[in-house]
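Colleague: Please read through the structure below; I'll follow up with questions.
The values are calculated or read from the model by the stated rules, or taken from the named source; none is laboratory data. Because the structure is predicted, anything quoted here is derived from the model rather than measured. Quick reminder, even Gly has a Cβ in these numbers, built from the backbone with ideal geometry, and neighbours come from all protein chains shown.
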Amino acid sequence: MPIQSGTHLGPYEIISAIGAGGMGGSLPRGSVEEQMSTGLNYAAFVAITALLTASSALAHHSHAMFDTTKQVTLVGTVKELQWMNPHCWLQVLVPDPNHPEAAPVEWGVEMDSPLAMFRRGWRPDTLKPGDKITVVVNPLRDGQTGGQVVSVTGPDGKPIGRAAVAER
């Protein structure tokens, strides 16, 4: 029994038969408005997904904020090692040698991603609050108390981890 144009098969409607001047075909049931709405919903979904994906890539900043021509040596106490994506952070309390009675200044030191740090020998428990360390950083260009890690010497006087390969 041949299937005629206009026959409904589940959610589909036959619009032409093979050999009737074409290759045959079917469309989802429903009005043109419903079909357009479904197409628009799909297009909106694709657009939103693309925007969300792009925003995470754009969120990763350049390293231009750090002055890589300068290095500052910080001698202080670990406040916290933040082991998180996209970058680990080391918070160090650094006393002012010219004013030992003043409260120490907190420096935020940006490190690499947890995976990259792990590959260099770091672990989430490598440093603990209260550890006395020496950190060499490329300071922020704007003069604020922050920088990008160059090297870290632990409480035992030994370097921690392996140096990063110059990738920037």
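Colleague: For the structure I just gave you, tell me whether residue 134 is hydroxyl-bearing (Ser, Thr, Tyr) and over 23 Å from residue 64 (Cα atoms).
Modeller: Taking the combined requirement at face value, the residue satisfies it.
Colleague: Within the range 127-144, count every residue that is in contact with a strand residue (DSSP E or B) (Cβ under 8 Å, 6 or more places away or on another chain) and either over 16 Å from residue 80 (Cα atoms) or modelled with pLDDT under 95 (or both).
Modeller: Of the residues in that region, 6 qualify.
Colleague: Give, as residue ranges, the strands (runs of 3 or more DSSP E) completely inside the range 70-168 that count at least 1 residues that are loosely packed, with under 11 Cβ neighbours inside 10 Å and over 22 Å from the mean Cα position of the chain (by Cα).
Modeller: Correct list: empty, since no element meets the threshold.
Colleague: Moving on to the next point. Among 30, 25, which is of a type outside the set (S, T, N, Q), farther than 24 Å from residue 138 by Cβ and either assigned by TED's automatic domain parsing to the domain that holds residue 139 or at pLDDT 60 or above (or both)?
Modeller: Going through 30, 25 in turn, just one is of a type outside the set (S, T, N, Q), farther than 24 Å from residue 138 by Cβ and either assigned by TED's automatic domain parsing to the domain that holds residue 139 or at pLDDT 60 or above (or both): 30.
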